[in-house]
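Read through the structure below, which is laid out as structure tokens, and then see the notes.
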Amino acid sequence: MSKHPQTLASPFATYGLHDVLEASGGIPLHEALDAATDRLEAVVAGLRELMQEQSVTHHATLVYYAAESALALVYSAHAGVDPAGGAA
């Protein structure tokens, strides 16, 4: 068993009585945070483009700030994890 922080398996989509999608457990925390960072950066970039469209600008702006806040939290968590030694 690893002494470095790792993710726990966590279902995030349930249909009926079954978990149909699940985040994997046993992944080093810094790798999971890298993956979360990549995806949130892509969301923020896409929303930034949508904010230029007059018909969706207000809603896109609200969602952009929510995603940007989530990304800031991931950056903060990632800063506290040392890839070589587990937690900082």
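Read the figures in this text as sums done on the coordinates, not as results from a lab. What you see is a predicted model; the values in this text were computed from it and never measured. Neighbour counts run over all protein chains shown; Cβ positions are idealised from the backbone, glycine included.
Laid out as a table, the results:
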item	result
Gaussian network model of the chain, Cα within-10 Å springs - most flexible of A13, A32, A45	A13
Only Lys, Arg (+1) and Asp, Glu (-1) charged, at Cβ; the chain dipole about Cα centre in debye	160 debye
Karplus (6.51, -1.76, 1.60) ³J(HN,Hα), θ = phi - 60°, over the stretch 17-25, in Hz, Gly and Pro reported as x	9, 10, 7, 9, 9, 9, 6, 6, x
Volume in Å³ per residue [convex hull over Cα atoms, computed for the stretch 28-87]	55 Å³
Of G46, G16, G25, the one that fluctuates the most in a GNM where the chain has Cα springs shorter than 10 Å	G16
³J(HN,Hα), Karplus 6.51/-1.76/1.60, whole Hz, each residue of the stretch 55-65, x for Gly, Pro	6, 10, 4, 5, 5, 4, 5, 5, 5, 4, 5
Cut-off under 5 Å, modelled amide H: who pairs with A23 long-range	S10, F12
Cα-centred dipole magnitude for the stretch 17-59, charges only on beta-carbon of K, R (+1) and D, E (-1), debye, nearest 20	160 debye
Alpha-carbon spread of the stretch 1-62, three principal axes, descending order, Å	53, 33, 13
